[in-house]
Amino acid sequence: LAADGAWTTRELKQAIDAKLSEIAQISSGTVYYTLRRLEREGHVASSQEKKGNRPERTVYEITAEGKKRFQELLRESLFHEERPYFTFDVGLFFTPFVGLNVLEEAIDSKLAQVARYRETVAKVASAFPGRWPFHLFYIREHAQVFLDANEEWLRRLKNKVARKKRDVPAAAARR
């Protein structure tokens, strides 16, 4: 929608899926709700359009105020301070209540997720042969660096859990 021209909600959702699916998952409902809210706020304008024998459809176009607000939001997102919070860490904190076997299963599940996401990143990379635009290259690189670090950390944790499981029975036998 930030580009010039009018878009239907369906076209907008398809563009989001095609261009942003690896960065954000946005449902159709969210697109509809957000467009209505943006229209109320004056950031987009809607109109009815009829092409040929097709039924009339609603199209949305960004307003000058919307373009200004979009630039502000982009700037905010680039400067936003954030600390990554991982739900896995919450579960890890409570490991004494679930046990090492459950933790080991969870680690294996996370490693499988990393492998699946690597496949997705590779698929996206193959869709863009040749030189990537600057911004897309660094988004892909960020994902790759995160995956590498996460996989390395999960493998180290898995090794530590395996050692702890071996040590626990040995310690109990010495008592």
Those residues of region 76-104 that are acidic (D, E) and within 21 Å of R155 (Cβ to Cβ) come to a total of 2
When every residue in region 93-115 that is open to solvent by less than 60 Å² (accessible area, probe 1.4 Å) and free of Cβ contacts under 8 Å to residues at least 40 places away in the same chain is compared, the one farthest from P169 (Cα to Cα) is A115
For region 116-150 the number of residues that are loosely packed, with under 12 Cβ neighbours inside 10 Å, aliphatic (A, V, I, L, M) and either touching a strand residue (DSSP E or B) at 6+ places or on another chain (Cβ under 7 Å) or farther than 18 Å from A18 by Cα (or both) is 2
If you go through L73, L35, the only one that is under 26 Å from F137 (Cβ atoms), assigned to a helix (DSSP H, G or I) and either under 18 Å from the mean Cα position of the chain (by Cα) or at pLDDT 90 or above (or both) is L73
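Can you give me the number of residues within region 17-75 that are out of contact with any Ser or Thr (no Cβ under 8 Å at 6 or more places or on another chain) and open to solvent by 50 Å² or more (accessible area, probe 1.4 Å)? Lay out the reasoning, then the answer.
Of all residues in region 17-75, those out of contact with any Ser or Thr (no Cβ under 8 Å at 6 or more places or on another chain) come to 17-21, 23-27, 29-30, 33-34, 36-38, 40-41, 50-56, 62-75.
Imposing the further condition that a residue be open to solvent by 50 Å² or more (accessible area, probe 1.4 Å) reduces the set to 17-20, 23, 25-27, 30, 33, 36-37, 40-41, 50-56, 64-65, 67-75.
Summing the residues that are out of contact with any Ser or Thr (no Cβ under 8 Å at 6 or more places or on another chain) and open to solvent by 50 Å² or more (accessible area, probe 1.4 Å) in region 17-75 gives 32.
The values are calculated or read from the model by the stated rules, or taken from the named source; none is laboratory data. Owing to the predicted nature of the structure, the values given are computational and were not obtained by experimental measurement. In this analysis, Cβ positions are derived from the backbone assuming ideal geometry, glycine residues included, and neighbour counts consider all displayed protein chains. Please note that ligands, DNA and RNA were not included when accessible areas were found on the heavy atoms of the full protein model with its side chains. Shrake-Rupley method; radii C 1.70, N 1.55, O 1.52, S 1.80 Å.
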